[in-house]
1. Taking the condition surrounded by 23 or more Cβ atoms within 10 Å (Cβ to Cβ), away from chain A (no Cβ under 13 Å), part of a loop (DSSP other than H, G, I, E, B) and of a type outside the set (A, V, I, L, M, F, W, C), does residue B:41 pass?
2. Inside the stretch A:193-213, can you point out the residues that are crowded, with 21+ Cβ neighbours inside 10 Å, at pLDDT 95 or above and outside any loop (DSSP other than H, G, I, E, B)?
3. Of the conditions (1) closer than 25 Å to residue A:14 by Cα; (2) more than 10 Å from chain B (Cβ to nearest Cβ); (3) not aliphatic (A, V, I, L, M); (4) not in a helix (DSSP H, G or I), residue A:113 satisfies every one except a single condition; which number is it?
4. What tally of residues in the stretch A:12-71 results from selecting those that are small (Gly, Ala, Ser) and in contact with a Lys or Arg (Cβ under 8 Å, 6 or more places away or on another chain)?
5. For the stretch B:182-191, check the following and say yes or no: at least one residue is in contact with a strand residue (DSSP E or B) (Cβ under 9 Å, 6 or more places away or on another chain), surrounded by fewer than 22 Cβ atoms within 10 Å (Cβ to Cβ) and part of a helix (DSSP H, G or I).
6. Taking the stretch B:114-144 on its own, how many of its residues are more than 8 Å from chain A (Cβ to nearest Cβ), under 24 Å from the mean Cα position of the chain (by Cα) and either surrounded by 24 or more Cβ atoms within 10 Å (Cβ to Cβ) or without any contact (Cβ under 8 Å) to a residue 40 or more places away in the chain (or both)?
7. Which residue is farthest from the other protein chains (Cβ to nearest Cβ), if the candidates are limited to the stretch B:85-101 and must be in contact (Cβ under 8 Å) with a residue 40 or more places away in the chain, assigned to a loop (DSSP other than H, G, I, E, B) and over 20 Å from residue B:67 (Cα atoms)?
8. Every residue in the stretch B:220-244 that is farther than 23 Å from residue B:350 by Cβ, surrounded by fewer than 16 Cβ atoms within 10 Å (Cβ to Cβ) and in contact (Cβ under 8 Å) with a residue 12 or more places away in the chain, please.
Amino acid sequence: MSKTSKELLNELVAKHYEDAAQAKKDGKLVAWATSICPQELLEAMDITVVYPENHAAAIAARKHSQEFLDQSEGCGYSIDICSYARVNMGYKDIQYSEAANIPMPDMVFCCNNICTTVAKWYENLATELNIPFILIDTPFNHIYDAPAHNIEYMRNQIEHAIHQIEEICGRPYDYERLTEVMKISNETAYWWRRACFTAQAMPSPLSGFDMFNYMALVVCIRGKKEGRDLFKLWCEELEAKAAEGKGPWKEGEEEKYRVIWDGIACWANLSPTYKILKKYGINVVTSLYPDAWTILYETNDIEGMAKAYTYYHANRNVDYVAATKSQRVKDFNVDGVIFHSNRSCKLMDFTIYEQQRRITAETGVPTVVFDGDMTDPRIFSEAQYETRIQALVEMMEENKKKKAQEGK
Amino acid sequence: MSIITKKITKLENIALNPAKAVAESCKETGKEAVGCFPIYTPEEIVYAGGFLPVGMWGGKKEFKESEAYLQGFCCSIIKTNVELGIRGAYNHLKAVIIPALCDTLKCIVENWKIAVPQVPSVAIVYPQNRWAAGSQEYLIAEYKRVRSELEKITGVLITETAIEQAYELYEEYRAVMREFTEVAAKYPQTIDAKKRHLIIKAGYYMDKAVYKEDVKCIIEELKKMPEEKAKGVKVVATGLIGEPIEVLDIFVENGITVVADDLAQESRQFRTVGRPEGTIWEKMAGRILDQRGCTFLAEQKKSRGDMLINMVKNTGAEAVVVMMMKFCDPEEFDYPVYKAQLEKEGIPILYLEVDQQMESFEQLRTRIQSFAEML
């Protein structure tokens, strides 16, 4: 019998870490890269790419993050900065975790479309490890559409990065292979999005926390054929489930409420965040993650590539972000929105309140905010979380009653 | 009162009363003001339009209205600006310019449009990849976009000739400030830590044409006097700003003299000399592209640690004081790297975590006292 996507997922994640370790042993070049960067440029030159954010999440999910947080805080890193960075800066020193390991880098590759913070973090790595720093700077889109000079600037940087990579590798750039990797990356993006969008069905065949699991892989395997094939398989499974009318959980467990989860998962507190939602029959049907790795452009269209990367939602204005979330509420029949006020991520946090107001005004659905963190286990409070979720349930129930009455 | 005391007192009063000072500057010059957020903004473009660029570096205010937009873990300078904006304190400004230099400022660019709609805002996004070809071209395009936005808001045409003139004035002001920091270091009694800070800060609320003459006068008067000995410890200050002011009072009490600084509000504004060649746009871009050791502009390898070590060596300072603004990510990211470098050189560090809403200074006083005694 052929393997399920879940089985393959676990195998591929394990393989990702094993292959990286082996590559290092074999003397191949290793890059540490940010989670939504143009990895195509590295993959095309057969550079082994690992993702510190992913790695930090894996360490946190297995309850090992505190050791690394302690190490970096001991070196002077403030408890107020990004915990992915703190875990990674700790790992740079300790270089071993029972949870998962990544080989030390020969270069760092950073795209600041996800935040300014990653540029500071990678600048520190480049300085302390004395290795090349490749940066793709994607200016913040405070205007709805990126102006021409932004696209031109990013194109120049992609060309500059290619030269830097040629120098590091000591051989001419492989443009043919780049074409191939671009094609695969776009196919992966297509299947990733299509799979995530199966959650539009009522009930959703997809549990949002499963999406978080698959996300771990879409980060690190977007440019590889096995990644594309996995997401295609996952999508087919979900579409089959939806056709049979199956929900996210086992038989008999009803999807009572459908919500958007906004922000990064609390990797160090996954179990309570999931279980409390499930207890109330709440399924996370979507977030802006489906779009995060939906990097779509025509093969060999460098400007299109630049645009796709700069349009990551956290790099766009509130008009875009709030409107997109409101549209998701409508398209996915969402009953409420849960905002994770993530102590690690000021960029995602400091427009939450305005987004709440706009989404409720536009769609009428209730929203709540809870305090947490993606990898620092000390911030999240289960009691606060449950209280907020209960409040959301009450508001969603009220809305349902109103709708039912109006329908009569 | 001597000339120098008069000038120093004038600038101190201005720095301590920004709102009043801006109103007076506007009255004296007949200009209207445009607010400039930290850290960098193209002030020359504002000046060229016939407006008075004024600094917006927060203040001590209770947070009420801003709580509807920002969580508690937001940089206090920026949150205060939003608070004051909503309360109407900036209604007299023709516009504000907000540079998206950190994640918090990116969000402020967005929140300002909604929270303070009565004061039009113009965002500018500086390039971070300053070593890539194309960053100059990009920055020039940003400057030109800012000019167009300002023109649309104010209805004033801002010509290149006017920008050239403004740039020349600003280059002169920056040269004066570089000289001031050098000369002031030789007069630690006349220019103590608090006076040094206030004299530099006053420039944010005055027309630079007037301000630079006042500072020049102070320099000339200082030069007439015999050099002074520091009473206590000589330090280099680094961080975002040299405030709250109470901390500087404690410095003065304990004889701590700031002989050089790497503060964003102070020397980072004027330490980089403009390029002599090129168009006016290239010259302006050059100042950002050539700026080193500032955490708000990325580098391939961080140069701040080496820069601080050199500053200590060149000025005969005995320690580095870190004024760490709480919740300032970029500053917090730089600290562990330069801390390790300074420690390797055996340079003592006094780390002070500060924010603008601080009420109690007793803990800091004890730490500053024991640090001064230890050295």
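The values are calculated or read from the model by the stated rules, or taken from the named source; none is laboratory data. Everything numeric here is computed off the predicted structure, so don't read it as measured data. Because the Cβ atoms are built from the backbone with ideal geometry, glycine has one as well, and the counts that use them run over all protein chains shown.
1. For residue B:41, the condition - surrounded by 23 or more Cβ atoms within 10 Å (Cβ to Cβ), away from chain A (no Cβ under 13 Å), part of a loop (DSSP other than H, G, I, E, B) and of a type outside the set (A, V, I, L, M, F, W, C) - is met.
2. A:195, A:196, A:198, A:199
3. Condition (1) is where residue A:113 drops out.
4. 1
5. The answer is yes; a qualifying residue exists.
6. Of the residues in that region, 6 qualify.
7. The selected residue is B:92.
8. B:223, B:225, B:227
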